[in-house]
Amino acid sequence: MIGQRWPERLWIVRHGESAGNVAREAADAAGAERIVIAGRDVDVPLSATGIEQATALGRWFAQNDAADRPQVLLASPYLRAQETARLFRDAGGCQIADEPICTDERLREKEFGILDGLTTTGILATHPEQAEFRRLLGKFYHRPPGGESWCDVIFRLRSLMDTVALHHAGRSVMIVAHQVVVLCLRYIIEGLSEAEILGIDREGDVANCSVTKYRFDPDAGRSGGLALVRYNAVMPIMAEDAPVTAEPDRKGAAA
């Protein structure tokens, strides 16, 4: 019999609200072409609300039995994801208090190339040809110059899931990453179609510090598989009286 090759539990968490989320909302409200953020997107920190959300999520997990807390903590290298993971751990969210945060570059934000930092208004004004390409191809396949399509993100996440299966089978794993990463992981894990995952995307943004949970199902396939328990759940942070936010990512207009 083939042994279990998946985690016993897998949680996928979007980072807490970031300064970039707030700046994007302000730019959209003002009808601006560009989101005003100093420095690189990788270095954008959590907002005060994001800090509160990540801490609240850790406090909620800390009240669970050990089996319902992660043994392994994987995170995007982006500062907002690293801070979310650290605050979650420091609030008692992991089984081990000093659990190391395993940084994996394959969990990074979708790269937007020449559209980096532009709002929808900005894309239409400065790169109308890319807006037209995206309309024709759809967000799943459109790759802006120097950037990635959703398919490109999926390619690297398939490799990530192979690593998770190889090193963390039977364990409890949490991934802290970004909105598109959460959606693309659903596509991979559940074997969804382009139409199905884009339909889920259209239903609404992935909330900051929301939890998507999978549990190992031994009856799924020859060696079992991961079954969705809940998606985009904000109950944990609401239970700790933290605000719920669901702004698109910094470059969400092109996401």
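Search segment 25-43 for residues being closer than 17 Å to G113 by Cα and buried (at least 21 other Cβ atoms within 10 Å of the Cβ), and hand back the single one that is farthest from the chain's Cα centre (by Cα).
I35
Go through (1) open to solvent by less than 60 Å² (accessible area, probe 1.4 Å); (2) in contact with a Leu (Cβ under 7 Å, 6 or more places away or on another chain) and name the single condition A19 misses.
The number of the failed condition is (2).
Is one or more of the residues making up segment 100-108 without any contact (Cβ under 8 Å) to a residue 24 or more places away in the chain and on the phi < 0 side of the Ramachandran plot? Spell out the reasoning first.
At the first step, the residues of segment 100-108 found to be without any contact (Cβ under 8 Å) to a residue 24 or more places away in the chain are none.
No.
Across segment 161-171, what is the number of residues that are open to solvent by less than 60 Å² (accessible area, probe 1.4 Å) and under 16 Å from I189 (Cβ atoms)? Reasoning before the result, please.
Going through segment 161-171, the residues open to solvent by less than 60 Å² (accessible area, probe 1.4 Å) turn out to be 161, 163-165, 168-170.
If we keep only those that are under 16 Å from I189 (Cβ atoms) too, we end up with 161, 163-165, 168-169.
Final tally of qualifying residues: 6.
Scanning segment 91-115 for residues that are among the acidic types (D, E) and in contact with a helix residue (DSSP H, G or I) (Cβ under 7 Å, 6 or more places away or on another chain), which turns out farthest from G31 (Cα to Cα)? Working first, answer last.
So the first thing to find is which residues in segment 91-115 are among the acidic types (D, E), and the list is 98-99, 104-105, 109, 111.
Cutting the leftovers down to in contact with a helix residue (DSSP H, G or I) (Cβ under 7 Å, 6 or more places away or on another chain) gives us 99, 104, 109.
Working: E99: 43, D104: 35, E109: 24 Å.
Ranking the candidates gives E99 first.
Mind counting the residues in segment 1-14 that are crowded, with 23+ Cβ neighbours inside 10 Å and touching a strand residue (DSSP E or B) at 6+ places or on another chain (Cβ under 6 Å)? Give the steps one after another, and end with the answer.
Initial filter on segment 1-14 (crowded, with 23+ Cβ neighbours inside 10 Å): 6-7, 10-14.
Restricting the remaining residues to those that are touching a strand residue (DSSP E or B) at 6+ places or on another chain (Cβ under 6 Å) gives 6-7, 10-13.
Number satisfying all stated conditions: 6.
Select, from V176, V164, V153, the only residue that is in contact with a Ser or Thr (Cβ under 7 Å, 6 or more places away or on another chain) and either of a type in the set (D, E) or modelled with pLDDT of 95 or more (or both).
Values: V164 fails: in contact with a Ser or Thr (Cβ under 7 Å, 6 or more places away or on another chain); V153 fails: in contact with a Ser or Thr (Cβ under 7 Å, 6 or more places away or on another chain).
Every option except V176 fails the conditions.
Of the residues that sit in segment 104-141 and are farther than 14 Å from C184 by Cβ and among the basic types (K, R), which one is surrounded by the most Cβ atoms within 10 Å (Cβ to Cβ)?
It comes out as R134.
Among the residues of segment 142-160, write down those that are assigned to a helix (DSSP H, G or I) and open to solvent by 10 Å² or more (accessible area, probe 1.4 Å). Full working, then the answer.
Step one: filter segment 142-160 for residues assigned to a helix (DSSP H, G or I), giving 150-160.
Passing the criteria: C151, D152, F155, R156, R158, S159.
Please specify each residue of segment 26-40 satisfying the condition of being under 16 Å from I123 (Cα atoms) and not hydrophobic (A, V, I, L, M, F, W, C). Break it down stepwise before answering.
Pass one, segment 26-40, residues under 16 Å from I123 (Cα atoms): 27-36.
The answer is D28, G31, E33, R34.
Identify the residue in segment 44-71 that is in a loop (DSSP other than H, G, I, E, B) and among the charged types (D, E, K, R) and, among all such residues, is surrounded by the most Cβ atoms within 10 Å (Cβ to Cβ). Give the steps one after another, and end with the answer.
At the first step, the residues of segment 44-71 found to be in a loop (DSSP other than H, G, I, E, B) are 44-45, 47, 63-65, 69-71.
If we keep only those that are among the charged types (D, E, K, R) as well, we get 65, 69.
On the way: D65: 7, R69: 21.
Ranking the qualifying residues of segment 44-71, first place goes to R69.
The values are calculated or read from the model by the stated rules, or taken from the named source; none is laboratory data. Owing to the predicted nature of the structure, the values given are computational and were not obtained by experimental measurement. Ideal geometry is used to build each Cβ from the backbone, glycine not excepted, and the neighbour counts take in all protein chains shown. The area values use the complete protein model at the heavy-atom level, side chains included, leaving out ligands, DNA and RNA. Shrake-Rupley method; radii C 1.70, N 1.55, O 1.52, S 1.80 Å.
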